[in-house]
Amino acid sequence: MEKDIHSHHISQQFNAELDEAKTRMLEMGGLVEKQVRDAISAFMNLDSGLAEEVAQRDNKVNDLEVEIDEECTLILARRQPAASDLRLVLAISKTLNDLERMGDEATKIAKHSIALANEGGVSRSYLEIRHIGDHVGSMVRDALDAFARFDSPLALRVAQEDNAVDMEYGTAMRSLVTYMIEDPRSIGSVLNIMWSLRSLERIGDHARNIAEHVIYLVEGKDVRHVGLKEMEAEVKG
């Protein structure tokens, strides 16, 4: 990362503020990653108690977003960072928003698992949830790791995985529609599965967003609205 021009004392203090904001954001990311993992577990096991815990912990995620974003705002106001330091603050702020949205989607999955448990489940396995959930969970973990290490090649791989998740999501939805047609009594239960899959797909989208923030941070290139080939061209190494 480029160094800002400050006196030694001020530079140390500024770097400490940046490190603190980044560390707290990654800690929030760890909480959100657990939220996603627990929401999937609650759904797979029809565990209403765990689902309720996920829903209740969402308030903590929301509070962290507000607190850390305020820290970023203060850094911008006091330090007026430039170049890579400015990109870091902006990337942290944008990532906070994506993490908060991931937490919201995890809460939706938890609520759908409670509804499904109340209906007594459905006479089919939840392989779609497990498979796509594992895939999306890996994306979230890798996106956060990429940010922690300023690793743009890993961020690129997360963006590439999002396309695979989108294809898996489409296949799963078609299978579930077929199942509902064959057994209309299952419609209510299967809709809970479908909405949960939609939330998982959205979590994958937010993981990709974080990956794009990492590429912007490391490479200085805004890749939010470019294709994968253009993104690959921008990532060094």
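Some points to look at:
- Of all the residues in the range 130-144, those that are of a type outside the set (A, V, I, L, M) and open to solvent by less than 60 Å² (accessible area, probe 1.4 Å) number 5.
- Extreme residue, modelled with the highest pLDDT, among residues of the range 1-51 that are small (Gly, Ala, Ser) and over 24 Å from the mean Cα position of the chain (by Cα): 16
- Residue in the range 181-192 that is touching a helix residue (DSSP H, G or I) at 6+ places or on another chain (Cβ under 6 Å), in contact (Cβ under 8 Å) with a residue 12 or more places away in the chain and not in a helix (DSSP H, G or I) present: no
- Pairs where the first residue, in the range 205-227, is of a type in the set (S, T, N, Q) and the second is assigned to a helix (DSSP H, G or I) and open to solvent by less than 50 Å² (accessible area, probe 1.4 Å), C-beta under 9 Å, 6+ apart: 209/95; 209/98; 209/143
- Some residue of the range 220-228 being basic (Lys, Arg), part of a helix (DSSP H, G or I) and at pLDDT below 95: no
- Enumeration of residues in the range 58-70 that are surrounded by fewer than 19 Cβ atoms within 10 Å (Cβ to Cβ) and over 30 Å from residue 192 (Cα atoms): 66, 67, 69, 70
- Any hit, the range 136-145, residues being among the aliphatic types (A, V, I, L, M) and closer than 16 Å to residue 42 by Cβ: yes
- Single condition residue 155 does not satisfy, out of (1) within 22 Å of residue 23 (Cα to Cα); (2) without any contact (Cβ under 8 Å) to a residue 12 or more places away in the chain: (2)
- Annotation: of all residues in the range 178-208 being at pLDDT 95 or above and open to solvent by 50 Å² or more (accessible area, probe 1.4 Å), the one that is farthest from residue 223 (Cα to Cα) is 195.
- Of all residues in the range 83-100 being among the small types (Gly, Ala, Ser) and in contact (Cβ under 8 Å) with a residue 60 or more places away in the chain, the one that is surrounded by the most Cβ atoms within 10 Å (Cβ to Cβ): 91
- When the range 109-129 is filtered for residues that are surrounded by fewer than 21 Cβ atoms within 10 Å (Cβ to Cβ) and of a type in the set (D, E, K, R), the ones remaining, listed by number, are 111, 119, 124.
- Residue 80 open to solvent by 10 Å² or more (accessible area, probe 1.4 Å) and among the polar types (S, T, N, Q): yes
- In the range 48-82, the residues that are touching a residue at least 40 places away in the same chain (Cβ under 8 Å) and not in a helix (DSSP H, G or I): 81, 82
- For the range 98-133, the set of residues classified as in contact with an Asp or Glu (Cβ under 7 Å, 6 or more places away or on another chain) and polar (S, T, N, Q) consists of 107 only.
The values are calculated or read from the model by the stated rules, or taken from the named source; none is laboratory data. All values reported here derive from a predicted model rather than from experimental measurement. Backbone-built Cβ (ideal geometry, glycine too); neighbour counts: all protein chains shown. Note: accessible area is taken over every heavy atom of the protein model, side chains too, but ligands, DNA and RNA are not part of it. Shrake-Rupley method; radii C 1.70, N 1.55, O 1.52, S 1.80 Å.
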